[in-house]
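The values are calculated or read from the model by the stated rules, or taken from the named source; none is laboratory data. In this text the structure is predicted, and so the values were computed from the model without any measurement. Here Cβ is always computed from backbone atoms with ideal geometry, including for glycine, and neighbour counts include all displayed protein chains. Surface areas here come from the heavy atoms of the whole protein model, side chains and all, with no ligands, DNA or RNA. Shrake-Rupley method; radii C 1.70, N 1.55, O 1.52, S 1.80 Å.
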Amino acid sequence: MPILSVRGLSIEYRTRRGPIHAVRDVSFDLEQGETLAIIGESGSGKTTLAVGLVRLSPRSARITGGQIVYDSGRERVAVLELDSEELRRFRWAECAMVFQAALSAFNPVITIWEHFFDTGRAHGMHDRHRVHDRARELLHLVHLDPDRILSAYAHELSGGMRQRVLIAMALLLDPRIVILDEPTTALDILTQRAIIDLLRELRRKLHFATIFISHDLSMAAELADRMLTMYAGRIVERAGVDDLFYRPRHPYSIGLLRAVPRVSGALGSVASIPGSPPDLIRLPRGCTYYPRCPFHVDDCRESDPPLLPVDTPGHEAACIRWEAVAARIGSAAKPVAEKLA
Amino acid sequence: MATMTPADATLQVRTFRRSPLSRARGHVGALWRRPLTQAIAKAVLTIYVTSTITFFLIRLMPGSPVELKIDELMQNGQMSYADAAAAASGLFDIDLNAPVGQQYLEYLANLARADLGNSFLSQGTSVTSIVLAVLPWTLFAVGTGLLLSFVSGIGLGLVAAYRRNSPLDHVVSTAGSVISSVPAYLIALLILLIFGIQLRWLPITQMRGAFSPGMTPGFSPAFIGDLFFHAALPISVFFLTHIGLWILSMRSATLAALEEDHVTVARARGLSDGRITTAYVGRNAVLPLVSQFAIAAGAVVGGAVIIEQIFVYQGVGLRLVKAVDQRDYPVMQGIILMTTVAVIVANLVADLLYSRLDPRIGRAGGASGT
Amino acid sequence: MATLIELDGVSRRYATPGGTITAVDDVSLALAAGDALCIVGESGCGKTTTGRMLAGLLRPTSGRLFFEGRDVWRTKGDDLARFRRAVQIVHQDPYASLNPSRTIAQTLAAPLGKHKKLHGRGARAAMIALLERVGLTPAEDLLVKYPHQLSGGQRQRVSIARALTVDPRVIVADEAVSMVDVSIRISLLDLLHSLSREFHVATVLITHDLAVARYFARGGRIAVMYLGRVVELAETESLVADPAHPYAVALIAAIPEADPTITRTKEHVTLRSAEVPSLLALPSGCTFHPRCPLSEAGLCDVVVPALEDLPGGRSVACHVAVRERRPAAELLGVR
Amino acid sequence: MTTIAAPARRELALPGPVSAVIEFLRVLSRKPVGLAGLFGVVFFLALAYLAPLVVPLQDRVDVTAIYSAPSFGHPLGTDYQGRDVLNQIVYGGQDIITTAILAALFSTLIAITFGAIAATLGGRADVLILAITDVALTIPQLVLLIVIAAIFRPTSFISLAIILALLQWPALLRQIRAQVLSLKERDFVEAARSLDLGLLHIVFREMLPNMRSYIAINFIIAMTYAIYAQAAIMFLGLVPLSGKSWAIMLYFAYNQGALFFKDSFFYLMGPIMAIALFQLSLVWLASGLEDVFNPRLRS
């Protein structure tokens, strides 16, 4: 039984030129305790999707279809039908979010402690001492000194510390889902490493499920169990982490994998993806990746293919040419760039 | 270096400043950088400059004020030139025949003792006492009007921002921009014309002055009510002319605050809308307006001159116009100085308040590197 | 090969409200024509300051900058102007590096007109050639556009084209790809790389991303900086495969890789402290000693290690690595 | 300019300035308030500078028509001497608007010159200029203006404009300085330095074009201050009253005791509305410009 199940979700932004189809017909399940990574370039719709899951989209956005069902263990909740008070209680208590820019995630004029207490109080924890004890416990868990942190303002902490505080705060109400939106992008390498190790440790101890949004493939390689590749608002590939990295079946996934050089091992054939993503207001007919795709044939222009099962189990790709891709890439557990060299 | 751009020059200046002296200078620098020290130093400097400007303004004027006074005394009082000259220089309290440098020093010395000299007209009355007698009324009217406009403007601005592009927002913002573009004295005239003369709703002649004749000043409810009755028109004008400013400023500050990531995060944290509006949006949006409030206070003290004239309200402005009419230079000088001091005090209070309200000021963390 | 441009023991200090900050401390680097060098390090390590001093945009507090053997900050007039043109910088933020109120044609025409006396038809042909050189086609369409009509990657290419208008000998690219999309980074790096190959332009890329550094500086060198100093300078492949300085070892071990098997089995170095010291209170001796597992009391916390040559064309600033003549990875037990 | 044979293809085959104006109006038309402001400003400028060329001056005293209400002959009524109010409005705009434009021009020039000097030179010059600016900002300007006007009694509109300009430059200077400071640090300015394009190019081709809109908006705001202040001192009767101006009309209307005649309502309303509407037009035009120049709204 998946803990979160998304079906046919579509989100648009209204603009003067017309609606931007930021998320189109997205479906996926999140299982209890697993980490699902969503990867794609900027503009692929991954952040719109993540924010849409807790209905935090900006005013100009509109959910035009689909459903989100959350299974709390006691009941099944249709997230899109919650009224504003139910939604408020659902947020953070069931599904918390760790944002990319940890400095701007805190109100600069109130202390960290007030952030914790506000959060607790909003969800019925009115006892200051209880919130305080819990906050201290969590800050210890993320390897911070509670005495120093709680009385501080956000600008007095380093980037890594702020990210840890945000993670600690995300865990305040024991959520069953934590959404991580590029949680380490702005951090230095050694700090990044510490946050990755921390996330892995917390997940082992606390068993929450994670949706992990990133343009950084190496972060996904570190943390994900399963992966989704998004392109132009759609999911174009869905696979287990090893399948996606070693046996991708969608040409866009291959493009992304080849675009990232590595530090260890052979460099292989590294390359950019030619061209640029389509205009999300005037989408072309057929496969949206067609103009950039080295595998394309004329049929690709006919229709945007659905997710099709491919040669490895539990693996789908939205590409009618997946067999040609499979023939080129093969199934060996080797990085794509090396295979193509 | 021939092709050095000014930006290079800046760099060089900064580089050369790193002399062995810089350590010692660092301590002075640290003290200097304390906001309070800086603010006080600035205040002293401003008072000094203002008084210097007024001192020289009067001495630069075409035709000496003493000669003007002598003429006047000779014409009105039928005095001889010598008598008139003696009387006039007595009025000035300073020897106008002395070298300007010496006069200036004496003037500054007196100033340091808060002695602004005596009025030309009411002999023996010190300028300080004249200004102090009228200043409170102006501050009362200005302060009340400004405070009321601040509070209501902030409320309306917040609501307009939350309902942006709604009919309410359009009405509030347009009204705000109309009313803040029209000069305050025109609004005062319109109030008099429409409600005082045409409709006769307001007993404008009774409302003149700071309080009704025969009232005993004190903290009795009757007296305080009377104060508000007399100050009602100036207060309304200060209220009307500033509420637009606060509505528009608060509206844009709120719109900016709503865009902040931490507000989205607060929503994600499941905080109630009420809590977000007050502690995360409203509070942060008001902060920058606090210093704007002080600047407005300065402008409004100046603007009060004509408003008081129009409503015949016994404040600094009315007294200034009287002094100008009578060419009572010491009083004019005193009023400039005292209103400047009032503005400086307002600025100081705003600065202090701001650094208390915003933890980012004064508690700044370490500087960032490269 | 003959040295083209050289930083000789440069330092850069800043006075801040909290005290004096040493952003760069005694850094020496030399490049020959056609060299590719990457300066790598975490935020606050002084890599950007070093790059700006190399580009002559920032005057060192002490130390000298040589270009073709001349001390740049002692030259005047035309010589200085010639140096300025010879070294060009490509900035990090593609949205800030082009003047929003000038078209691409205007942006390119100014230096062409001033320094090459190209106007009208000649300038137009030169601009089209430049834009095609940096991979922007059709170039005619681009000339009339304003920067806000271009994508981040296109702007970065225009910045490079603008730098090329004055035939530079050195290009300093400061995080030039970190703000463009992952999918097009490689092509920008390829473009920069080709300049050093085809035109013998010495290129310096400043980056925090070792993978980007490794790709760009293949066949070149990488300098690793930590808290204002160069701690290791070596040929790219040997630095990446076999780092000698404990900090470089820790950094490379910590990097997540886009390969689940490798990244999950990598051995990490556990540092003695996770805190990066403040630039206002730098540790004595080797600035890495409070975090370094190999730190030796009485030596590392007292003596500042000099950048010393090791076999294999690498230089390392570490007492222990230099004495042991072994890479720190072995000493740390990560292999 | 050294630009090559101007951008080959343009959507409109019109000379640059014309298409720029059309583009400007097109963007402004999306912002009704700004458009209304533009119409208002154009209307009042035409009223002040063109209408007097067409409409004959009528300053004949007519005791039979004192304080008459608006009628066909006198659309805005008559004054205390029976003269036509509309005619006075037509002839009373030129001086007040010219003074405002001159004052705005002088203060903008002061602010740009010294703001740019402070920002580019930095160091002591910056500290000094900034200190002077801070002090000048603190002194209540209208109070000082009243005293200065009382002492010097400026008679020409140029001297009045200079006095106004000397009082109102500080706020603009601070803004210009901040702008130049931030532009100076911008990457494209640094690139221009690197390309050795010269100081003149950097100032006039790289920096100023990015401040044009800013300066235009502040020029308009400076005009509103100048009108506010000069009408204030004229209303107080501190300037020798000669010539025709809305502010002088206001003074006479008020001081001839007109306030206490119910009939004089329209006489007073004339100058009040002229000043108020012109001010409003200026403010709306400025706010419209702000939106036009905001790149977010230019698609």
* **Filter pass, B:VAL321 being touching an Asp or Glu at 6+ places or on another chain (Cβ under 9 Å), among the β-branched types (Val, Ile, Thr) and assigned to a helix (DSSP H, G or I)** => yes
* Structure fact -> Scanning region C:248-295 residue by residue, the ones that are closer than 24 Å to A:ALA224 by Cα and assigned to a loop (DSSP other than H, G, I, E, B) total 10
* Might you check whether a residue that is more than 20 Å from C:SER43 (Cα to Cα) and in a loop (DSSP other than H, G, I, E, B) occurs anywhere in region C:149-156? => yes
* To do: Just name the residue that is surrounded by the fewest Cβ atoms within 10 Å (Cβ to Cβ) out of those in region D:90-114 that are within 21 Å of D:ALA178 (Cβ to Cβ) and of a type in the set (A, V, I, L, M).
  => D:LEU109
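A quick yes/no check of all residues on (1) more than 22 Å from B:ILE194 (Cβ to Cβ); (2) modelled with pLDDT of 80 or more; (3) of a type outside the set (D, E, K, R); (4) open to solvent by 40 Å² or more (accessible area, probe 1.4 Å):
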position	(1), (2), (3), (4)
D:TYR225	yes, yes, yes, yes
D:GLY237	yes, yes, yes, no
D:SER245	yes, yes, yes, no
D:TYR251	no, yes, yes, yes
D:LEU259	no, no, yes, no
D:ASP263	no, no, no, yes
D:ILE272	no, yes, yes, no
* **Among residues of region C:74-111, those that are part of a helix (DSSP H, G or I) and at the interface with another protein chain (Cβ under 7 Å from one of its Cβ atoms), counted** => 10
* Asked: What are the residues in region A:49-68 that are among the aliphatic types (A, V, I, L, M) and either in contact with a Phe, Trp or Tyr (Cβ under 6 Å, 6 or more places away or on another chain) or open to solvent by less than 20 Å² (accessible area, probe 1.4 Å) (or both), if any?
  -> A:LEU49, A:ALA50, A:LEU53, A:VAL54, A:LEU56, A:ALA61, A:ILE68
* Return only the number of the condition from (1) at pLDDT below 80; (2) of a type in the set (Gly, Ala, Ser); (3) assigned to a helix (DSSP H, G or I); (4) open to solvent by 30 Å² or more (accessible area, probe 1.4 Å) that B:ALA114 does not satisfy. => (3)
* Has region A:291-308 got any residue that is assigned to a loop (DSSP other than H, G, I, E, B) and within 14 Å of another protein chain (Cβ to nearest Cβ)? -> yes
* Structure fact -> For region C:192-218 the number of residues that are more than 10 Å from C:CYS38 (Cα to Cα) and touching a Gly at 6+ places or on another chain (Cβ under 6 Å) is 2
* So which of A:GLY33, A:GLY43, A:GLY18, A:GLY66 ends up being at positive phi and in a strand (DSSP E or B)? -> A:GLY66
* Output the number of residues of region C:266-309 satisfying the condition of being over 16 Å from C:TYR247 (Cβ atoms), within 11 Å of another protein chain (Cβ to nearest Cβ) and of a type in the set (S, T, N, Q). => 1
* Could you tell me whether C:VAL201 is at pLDDT below 95 and crowded, with 21+ Cβ neighbours inside 10 Å? => yes
* Structure fact -> Taking region C:153-176 and the residues there that are within 14 Å of chain A (Cβ to nearest Cβ) and open to solvent by less than 10 Å² (accessible area, probe 1.4 Å), the one that is nearest to A:THR229 (Cα to Cα) would be C:GLY153
* Asked: Has region C:157-169 got any residue that is assigned to a strand (DSSP E or B) and of a type in the set (S, T, N, Q)?
  -> no
* To do: Hey, could you check region C:225-247 for residues that are in a helix (DSSP H, G or I) and more than 8 Å from chain A (Cβ to nearest Cβ) and say which is surrounded by the fewest Cβ atoms within 10 Å (Cβ to Cβ)?
  => C:GLU237
* Kindly provide the set of residues from region A:216-272 that are among the β-branched types (Val, Ile, Thr), closer than 21 Å to A:LEU307 by Cα and within 11 Å of chain C (Cβ to nearest Cβ), ordered by number. => A:VAL241
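Strands (runs of 3 or more DSSP E) wholly in region C:1-49 with at least 1 residues that are within 10 Å of chain B (Cβ to nearest Cβ) and hydrophobic (A, V, I, L, M, F, W, C) - which ones?
C:3-16, C:19-32
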* Residue check: is D:ILE162 at pLDDT 85 or above, open to solvent by less than 20 Å² (accessible area, probe 1.4 Å), in a helix (DSSP H, G or I) and out of contact with any strand residue (DSSP E or B) (no Cβ under 6 Å at 6 or more places or on another chain)? -> no
* **Test result for D:LEU167, surrounded by fewer than 21 Cβ atoms within 10 Å (Cβ to Cβ), under 23 Å from the mean Cα position of the chain (by Cα), within 11 Å of chain B (Cβ to nearest Cβ) and at pLDDT 85 or above** => yes
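Listed here are the residues, each with its yes/no results for (1) hydroxyl-bearing (Ser, Thr, Tyr); (2) open to solvent by 50 Å² or more (accessible area, probe 1.4 Å); (3) not assigned by TED's automatic domain parsing to the domain that holds A:THR48.
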| residue | (1), (2), (3) |
| --- | --- |
| A:ALA209 | no, no, no |
| A:SER264 | yes, no, yes |
| A:GLY268 | no, no, yes |
| A:THR288 | yes, no, yes |
| A:CYS293 | no, no, yes |
| A:THR312 | yes, no, yes |
* Please tell me if C:ALA129 is assigned to a helix (DSSP H, G or I) and either away from chain D (no Cβ under 12 Å) or free of Cβ contacts under 8 Å to residues at least 40 places away in the same chain (or both). => yes
* Asked: Within the set of pairs 6+ apart or on separate chains, which have a first residue in region D:212-233 that is more than 30 Å from B:VAL321 (Cβ to Cβ), a second that is of a type outside the set (Phe, Trp, Tyr) and not in a helix (DSSP H, G or I), and C-beta atoms under 9 Å apart?
  -> D:ARG212/C:SER101; D:SER213/D:ASN294
* To do: Filter region A:168-192 for residues that are of a type outside the set (Lys, Arg), more than 10 Å from chain C (Cβ to nearest Cβ), in a loop (DSSP other than H, G, I, E, B) and more than 9 Å from A:TRP92 (Cα to Cα) and give the result.
  => A:GLU182, A:PRO183, A:THR185
* To do: Go through region B:261-278 and give me each residue that's facing chain A (nearest Cβ under 7 Å) and out of contact with any helix residue (DSSP H, G or I) (no Cβ under 7 Å at 6 or more places or on another chain).
  => B:ASP261, B:THR264, B:VAL265, B:ALA268
* **A:ARG89 being within 10 Å of chain B (Cβ to nearest Cβ), of a type in the set (Lys, Arg), assigned to a loop (DSSP other than H, G, I, E, B) and open to solvent by 50 Å² or more (accessible area, probe 1.4 Å)** => no
* Asked: Looking at A:VAL260, A:VAL241, A:VAL270, A:VAL336, which one is more than 30 Å from A:GLY8 (Cα to Cα), within 20 Å of the chain's Cα centre (by Cα) and of a type in the set (A, V, I, L, M, F, W, C)?
  -> A:VAL260
